[in-house]
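The values are calculated or read from the model by the stated rules, or taken from the named source; none is laboratory data. Everything numeric in this text was worked out from a predicted model, so none of it was measured. As a convention, Cβ positions derive from the backbone with ideal geometry for all residues, glycine included, and neighbour counts pool all protein chains shown.
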C-alpha cells in the first residue's frame with residue numbers, strides 16, 4: 001500500500017465507491033472533486049455528522065457543489081436494499097463502535113451486509129488506527145483481543161473468506177509514519193505517537 005492506494009485501489013476511471021462510516025465525509029468530498037467520472041457514496045449512522053457536507057454538495061458547482069457524491073444516513077447493520085451490488089470499492093477508514101467490531105473480529109452479520117452491497121470482484125479496504133493503551137476499554141467492550149498482522153493472516157482471513165471476501169494484502173504503519181490519508185480522523189489522530197495503523201484489502205469472491 002502506498003500513499004495513494006487507499007483512495008484508488010482499482011485503476012478504472014469510472015465506478016461507484018462507498019465509504020462506510022464516512023464521518024464528516026471529507027474522504028468522499030475530496031475524492032469526488034478529484035475524480036469527476038466516479039460516483040462516491042458516504043454512509044454513516046450519524047445524521048449530525050452528515051448534515052454540513054450534505055448541504056455543501058447540493059450547492060452550485062462554483063460554490064463547491066458536486067454531482068458525483070451522495071450521503072446516506074444508515075448503520076452498517078441496516079444498509080438500504082437499494083445498494084445491493086452497486087459498490088466497485090468499499091472503504092472503511094478508522095471505524096469505531098459496531099463497525100470496528102464487525103471488521104476487526106470478522107462478524108458474520110456485518111461482513112455479509114458489506115458483501116451484499118459489493119459488485120462482483122469489488123475491492124474492500126479496511127484501515128484501522130488504535131492506541132492499545134488509550135483505547136483498551138473500548139477494545140475490551142467490543143471483544144477485540146488482537147489487531148496484529150498475524151491475527152489477520154491466521155484467524156481473520158478465514159472468517160472473511162467464509163463471508164465472501166478473499167484478503168489479498170495486509171500491512172501496517174508505525175506511529176509517526178502514516179501515509180497521506182484524506183480523512184479528518186487521520187489528521188486528528190496522526191500526532192499520537194502510540195497509535196499505529198493496520199490495514200488490509202480484500203476482493204469480493
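Of all residues in region 56-74, those satisfying the criterion of being modelled with pLDDT of 95 or more and more than 14 Å from residue 40 (Cβ to Cβ) are 73, 74. Here is the figure for region 106-115: residues that are touching a helix residue (DSSP H, G or I) at 6+ places or on another chain (Cβ under 8 Å), in a helix (DSSP H, G or I) and either surrounded by fewer than 19 Cβ atoms within 10 Å (Cβ to Cβ) or without any contact (Cβ under 8 Å) to a residue 12 or more places away in the chain (or both) total 2. Only one of the numbered conditions (1) outside any helix (DSSP H, G or I); (2) modelled with pLDDT under 95 is not met by residue 51, and that is (1). Scanning region 131-145 for residues that are in contact with a helix residue (DSSP H, G or I) (Cβ under 8 Å, 6 or more places away or on another chain) and surrounded by 15 or more Cβ atoms within 10 Å (Cβ to Cβ) yields a count of 2.
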